[in-house]
Amino acid sequence: MNRSIADILLDLNAVALRSDPPFRWASGRHSPIYCDNRLIMSDPVGRKAVARAFASQMRAQGWAPEVIAGTATAGIPHAAWVADEMSLPMVYVRGAAKGHGKGNQVEGKLQAGQRVVLIEDLISTGGSSLQAAEGLVAEGAQLLGVLAIFTYGLAVATEKFAAAGIPCVALTDFRALMDVAQARGHLSAEEAAVIATWQEDPSAWSVAHGGGA
């Protein structure tokens, strides 16, 4: 995992810890940790580093995309920057087909059979990323995989991607982020204990704190 990306997130104060009240994810789960990768947009140095890391990871995976796709909305700017880095066309994928106009879910020029990598800012349970991936496949894209800045590394997401047969790779993950945070003294003993309890069983922790499983 790329610890320099974890450093960028910590430098931007993108990682927030709070157990009372906990954070609510889009999936309905509750968590004591929230990673706000949107802050990278405001950091010219950090966003360039992320774009280069995405391009490097694609080479490492042996992926040679013809089009870069971004998830709406947080994946769009990063897809644009990595597409520029690699001199490739870019499209973005709505959460659902538009209810007016042409009714598109995929916006931009995409031809059937083109090799595509989908850029996501964050993977939690994986639901929204897979919905976007399905939208690309429905348009005839040859989806090489999903690339994210950060993943919480939850088993439910791993299982969903495996069941869909879609590779998913992240630049950094929860464990790397916590290792760097502890090394830099960003976590108190109390915060580390809360995080450790959540990490043991995120689903049970969520339910115990009023969230969904």
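The values are calculated or read from the model by the stated rules, or taken from the named source; none is laboratory data. Here the structure is a predicted model, which is why all the values come from computation and not from measurement. Because the Cβ atoms are built from the backbone with ideal geometry, glycine has one as well, and the counts that use them run over all protein chains shown.
Below is a table of values for the structure above.
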read-out	value
Unmet criterion (only one of (1) farther than 28 Å from GLN61 by Cα; (2) in contact with a helix residue (DSSP H, G or I) (Cβ under 7 Å, 6 or more places away or on another chain); (3) among the hydrophobic types (A, V, I, L, M, F, W, C)) for VAL50	(1)
Any chance GLY145 is in contact with a strand residue (DSSP E or B) (Cβ under 9 Å, 6 or more places away or on another chain) and among the small types (Gly, Ala, Ser)	yes
Cβ pairs under 8 Å, 6+ apart, first in region 103-120 and closer than 8 Å to GLN142 by Cα, second aromatic (Phe, Trp, Tyr)	ARG115/TRP63
Residues of region 142-198 satisfying the condition of being among the aromatic types (Phe, Trp, Tyr) and modelled with pLDDT of 95 or more	PHE150, PHE161
Any hit, region 13-25, residues being hydroxyl-bearing (Ser, Thr, Tyr) and modelled with pLDDT under 90	yes
Members of region 184-206 found to be surrounded by 12 or more Cβ atoms within 10 Å (Cβ to Cβ) and either over 14 Å from PRO32 (Cβ atoms) or of a type in the set (Phe, Trp, Tyr) (or both), listed by number	ARG184, HIS186, TRP198, TRP205
Condition met for LEU177 (touching a helix residue (DSSP H, G or I) at 6+ places or on another chain (Cβ under 8 Å), assigned to a strand (DSSP E or B) and surrounded by 14 or more Cβ atoms within 10 Å (Cβ to Cβ))	no
Any chance GLY153 is surrounded by fewer than 16 Cβ atoms within 10 Å (Cβ to Cβ) and either within 20 Å of ILE8 (Cα to Cα) or in contact (Cβ under 8 Å) with a residue 60 or more places away in the chain (or both)	no
Close pairs from region 158-177: first under 11 Å from ASN2 (Cα atoms), partner outside any helix (DSSP H, G or I) and modelled with pLDDT under 95, Cβ under 6 Å, at least 6 apart	LEU171/ASN2; THR172/MET1; THR172/ASN2; ASP173/MET1; ASP173/GLY153; ALA176/MET1
Within region 94-119, considering residues that are among the basic types (Lys, Arg) and under 23 Å from ILE149 (Cβ atoms), the one nearest to the chain's Cα centre (by Cα)	ARG94
Filter result (under 11 Å from THR71 (Cβ atoms) and either touching a Pro at 6+ places or on another chain (Cβ under 8 Å) or in a helix (DSSP H, G or I) (or both)) within region 118-166	SER128, SER129, LEU130, GLN131, ALA132, ALA133, GLY135, LEU136, VAL146
Those residues of region 30-48 which are out of contact with any strand residue (DSSP E or B) (no Cβ under 9 Å at 6 or more places or on another chain) and within 20 Å of MET178 (Cα to Cα), in sequence order	LEU39, GLY46
Scan of region 33-72 for residues that are among the polar types (S, T, N, Q) and surrounded by 16 or more Cβ atoms within 10 Å (Cβ to Cβ), ordered by number	ASN37, GLN57, THR71
Strands (runs of 3 or more DSSP E) wholly inside region 1-117 containing at least 1 residues that are more than 22 Å from SER128 (Cβ to Cβ)	15-17
